[in-house]
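Only one structure is covered here, and it is reproduced in the block below.
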Amino acid sequence: MAWVDYEFYLAEYRQNAQPVIPEAEFLYLEKQARSNVNKKHVALEEVPDYLKECVCEVAEYLYRRNEANSADAIKSYSNDGYSETYVDQKKTPSEERAEIREIIFRHLSGTELHNSFVFAGV
């Protein structure tokens, strides 16, 4: 069962600003984000808003990562004296895990769920 629906994502997390994640992709990314946040499969009767916001931020991180990984990055281009080089900025899996851990820590630090989620081997 999803912790966050698209309406919460738009109204509460994005505060009606332009969404990063298209609606058609949201449920998939929410599930991926929830899996990253809830490594111990902690059962919750009610999901607090700060945990929903954490899932939203992780989902946006995953969306941006997917977009960056699928982009056709030009490493070097030259045409009649004009040249351009783009640096490949793909992150290692351990770098990605560290960034996701930082998101989770920032959202859950000082909450009653901190130990259940942050120290769950994320």
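The values are calculated or read from the model by the stated rules, or taken from the named source; none is laboratory data. These numbers come from a predicted model, not from an experiment. We place every Cβ from the backbone using ideal geometry, glycine too, and count neighbours over all the protein chains shown.
Some values worked out for this structure:
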read-out: Tally, over segment 6-65, of residues that are of a type outside the set (Gly, Ala, Ser) and under 14 Å from the mean Cα position of the chain (by Cα); value: 33
read-out: Sole exception among (1) in a helix (DSSP H, G or I); (2) under 22 Å from Arg97 (Cβ atoms) for Tyr9, by number; value: (2)
read-out: Where a residue in segment 90-107 is free of Cβ contacts under 8 Å to residues at least 40 places away in the same chain and its partner, wherever it lies, is outside any helix (DSSP H, G or I), with Cβ under 6 Å and at least six apart; value: Arg101/Val122
read-out: Restricting segment 60-96 to residues that are in a loop (DSSP other than H, G, I, E, B), at pLDDT 70 or above and not basic (Lys, Arg), the residue that is surrounded by the most Cβ atoms within 10 Å (Cβ to Cβ); value: Thr92
read-out: Some residue of segment 21-33 being under 23 Å from Ala98 (Cβ atoms) and of a type in the set (S, T, N, Q); value: yes
read-out: Val20 part of a loop (DSSP other than H, G, I, E, B) and either polar (S, T, N, Q) or closer than 20 Å to Leu108 by Cβ (or both); value: no
read-out: Residue pairs meeting the criteria (Cβ under 6 Å; at least 6 apart or on separate chains; first touching a residue at least 24 places away in the same chain (Cβ under 8 Å) and surrounded by 18 or more Cβ atoms within 10 Å (Cβ to Cβ), in segment 17-38; second among the hydrophobic types (A, V, I, L, M, F, W, C) and in a loop (DSSP other than H, G, I, E, B)); value: Leu29/Ile21; Glu30/Ala2; Glu30/Val4; Arg34/Trp3
read-out: Counted residues, segment 107-122 - those being exposed (fewer than 11 other Cβ atoms within 10 Å of the Cβ) and modelled with pLDDT of 75 or more; value: 3
